[in-house]
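Shown next, in structure tokens, is the structure this report addresses.
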Amino acid sequence: MKQAAYGFALFVFLALPPVARFLESVMIMHMHMQMPLLVIAGYMMARYFQLWFPGFLAKWNGNGIPGIVLFSIVVMYWNLPRAMDESLELAGSELFKFVSLTFLAGLPLRDSWQKVGYACRSTVFIGYMAISVALGLLYTIAPVQLCNNYLLIEQITLGWGFLTTAICMAVYVVYRLMIRHSEYE
Amino acid sequence: METTKLQLLKDKANRAMGINPSDALISKTYMFIAFAALLLGGILGLTQGLEKAGLITLPEWLTYYQVLTAHGFLLVIVLTAFFTIGYFYAGLSHTLGGLLPKVRTMAWIGFSLKIIGFPLVVVPVLLNDATVLYTFYPPMAASPWFYIGLVFIVLGVWMCAFGAFVQVASWRKRNKGQHVPILAFFATGVFVLLFFGSIGVTIEVLTIIPWAFGWTDTINVMVSRTLFWSFAHTLVNIWYLTAASAWYVIVPKVIGGRRFSDVLTRFVIIALVITNIPGGFHHQIIDPGISLAIKFMHVFMSLVISVPSMMTAYAMFSVFERRGRELGGRGLIGWFKRMPWGDVRFLAPFIAMAAFIPGGAGGIVQSTNQLNQVVHNTMWVVGHFHLTVGTTVMLTFFGISYWLIPYISKRVLTPKINKLGVITTIIWTVGMALMSISMHTVGLLGAPRRTSYTTYGDSATAASWDPYIIVLAIGGTLLMIGVILQAYAVFHLMFRAPKGETEFPIADVEENASETPYWTERWGRTIFLMLLLIAMAYVIPLVDMIVNAPPGSPPFRTW
């Protein structure tokens, strides 16, 4: 339960106007820091919901697939340049960002991750790696601004952020493929 | 089952018989080169110190900056790299039941690559074609062969790193579910940092080579500097982690105590590995072309490294106090007096640790933007790294040498050599204190670093620095005596000391120690986090430096 409290504290901290404004002032921090942190806040708070609403989660997310699908849809939506732009322009969209990434992405991710099988987990991981490559290429190659709110240089920086994230993920995938834990543990 | 029994028997035999001669030869060769570099680098250090003080004039064919380049290269690259590899390979051999034949081969291939690289580096320096100081970043350009030599050295280091990984992986396969022995865990951390930390500088050197040959016209200076410091700062922490391995594992055994919490020790190693590489930015804190926000972020990232250092300080003094009280020490500092002050294997690393208190504080000063602006290009910085590398790291290495060299040479440390070691440590401490304090002070008064002797047109301000520079030269002379004594002790212990068996001192964990969680063994995860942090740290400034790059710089020969 302590973890859920920390998650809630993180959520409140991220929602403080100066913190939110600061993180949103730089494109890569908006997408690669604020958004993942919101997911992490939800992930930490999930413990509370798992303990207090076990029936609800068992009914709607019994095998973990609905939760993973919900997580994937929400995360994919927030990868759209237009969605990020809108959150800076419309208060409703900003509110939706905080609520969706925390409670519709982070929370179901935790509840589902242990329930789904290895194949599903690998698909999500590799899928996200592929999206990172695609978005990385899009942001680094696109000759025009994709977001009204951010300059081209910030867009290129974010593109490289995606590409380096994908590289890290690829290193991890190669490591998992080459090294079997069962040989060592 | 049979294999495990056989392995246990082999381990027992290894412990009883000492190190395998083939493994010993590897460490002995590395140690020989390391201390030969100390001797040569020390002579060059004294030479440049006396020249800077205006006490000697160098001949026409040898310039101050040539000497400075060679001094830095021999002590900062050769000595530390060879010592680290020799020490950890002995540790891997001892704690993991002997090196595998293929690992031995890899160590020798690594050695050969480095030996091929050295003449390529040294000859241009001697010919005055590579007077670029050991930092070698553009726009100063050396002979291209100097950089090609560096590539060979890096490849040699990588080969040794991979050898260590193969050794550890093989041990883990043979000892399923067990924690890697702590010294081998330190070695893994150090070699992970050596490999990943040197990727940046390899990219830098590979872009410099065509530029130095004239195949490309210009180079991006900021990118080169950034890549260089991503490596050089990591190198600093590799030395620190190597020294810390002796503090955590060896020193408690030397004083007859037990080592501090295994969980904390492994956590400190993991934390240092993850947070280390981005620390390089604080060396560029007054560079143009990096925004203030990024510099601010990196001050934070640099200071994070001080957290595991603080943990280490606490752990060490806790071990000392516990042992001192076991030996009957009473009161607030009574335990302190019970320490084995006459044993060089304790005294040298203890002074090393003590020196890290002002050394670390000075490092925090330098990581702070405004304070760095006061000291950045002054002798203060030289004083700082003579305190950290020259004292904290070197004295720990000296302390290690008094048991490691006899261990790998199948000889013993005699009371006479121990006494010589104590005298060397005292001379080194006094010499380094004189030198470092005067460097810090004269730096605050404005004396620039990396400059040969000059009166600045008989300026009164410059003249006011002279007394400090003279103290610096006195300190340097004492250090030279220390270098000679230390080199003598090492070569004596290697070839002339009485034959016998010396223990490889590894302290046991404390009684009733809590169990170490297994996640500490998941190096894949640690490396993944490390890479993520590096990506977070470097993407924004590097993209800015490359996309908004100036025209670039042609090569310059400033000497």
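Numbers below:
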quantity	calculated
Top-ranked residue in the range B:503-535 [being of a type in the set (Gly, Ala, Ser) and touching a Lys or Arg at 6+ places or on another chain (Cβ under 8 Å); ranked as modelled with the highest pLDDT]	B:Ala507
Residues of the range B:539-556 that turn out to be outside any loop (DSSP other than H, G, I, E, B) and more than 8 Å from chain A (Cβ to nearest Cβ), as a count	5
Residues located in the range A:158-185, provided they are assigned to a loop (DSSP other than H, G, I, E, B) and either in contact with a helix residue (DSSP H, G or I) (Cβ under 9 Å, 6 or more places away or on another chain) or at the interface with chain B (Cβ under 8 Å from one of its Cβ atoms) (or both)	A:Ile179, A:Tyr184, A:Glu185
Which listed residue is part of a helix (DSSP H, G or I) and touching a residue at least 60 places away in the same chain (Cβ under 8 Å), from B:Thr265, B:Thr202, B:Thr234, B:Thr207	B:Thr265
Any hit, the range B:484-496, residues being more than 14 Å from chain A (Cβ to nearest Cβ) and among the small types (Gly, Ala, Ser)	yes
Of all residues in the range B:96-153 being part of a helix (DSSP H, G or I) and aromatic (Phe, Trp, Tyr), the one that is nearest to B:Gly41 (Cα to Cα)	B:Phe118
B:Thr188, sole failed condition from (1) among the polar types (S, T, N, Q); (2) more than 14 Å from chain A (Cβ to nearest Cβ); (3) buried (at least 19 other Cβ atoms within 10 Å of the Cβ); (4) more than 21 Å from B:Val539 (Cβ to Cβ)	(2)
Qualifying positions in the range A:138-157 - touching a residue at least 12 places away in the same chain (Cβ under 8 Å), part of a helix (DSSP H, G or I) and either more than 21 Å from B:Met545 (Cβ to Cβ) or touching a helix residue (DSSP H, G or I) at 6+ places or on another chain (Cβ under 7 Å) (or both)	A:Leu138, A:Tyr139, A:Thr140, A:Glu154, A:Gln155, A:Ile156, A:Thr157
Output for the range A:10-28, where each listed residue is within 13 Å of chain B (Cβ to nearest Cβ) and closer than 20 Å to A:Val99 by Cβ	A:Leu23
Answer from B:Ile269, B:Ile277, B:Ile250 - the residue that is at negative phi, touching a Leu at 6+ places or on another chain (Cβ under 8 Å) and modelled with pLDDT of 90 or more	B:Ile269
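Table: residues versus (1) closer than 22 Å to B:Phe196 by Cβ; (2) in a helix (DSSP H, G or I); (3) without any contact (Cβ under 8 Å) to a residue 24 or more places away in the chain; (4) not acidic (Asp, Glu).
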{"site": "B:Ala244", "(1), (2), (3), (4)": "yes, yes, no, yes"}
{"site": "B:Ile250", "(1), (2), (3), (4)": "no, yes, no, yes"}
{"site": "B:Lys253", "(1), (2), (3), (4)": "no, yes, no, yes"}
{"site": "B:Leu272", "(1), (2), (3), (4)": "yes, yes, no, yes"}
{"site": "B:Phe281", "(1), (2), (3), (4)": "yes, yes, no, yes"}
{"site": "B:Asp287", "(1), (2), (3), (4)": "no, no, no, no"}
{"site": "B:Ala293", "(1), (2), (3), (4)": "no, yes, yes, yes"}
{"site": "B:Phe296", "(1), (2), (3), (4)": "no, yes, no, yes"}
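The values are calculated or read from the model by the stated rules, or taken from the named source; none is laboratory data. No experiment lies behind these values; they were computed from the predicted model shown. For neighbour counting, all protein chains shown are included, and Cβ atoms are generated from backbone atoms with ideal geometry for every residue, glycine included.
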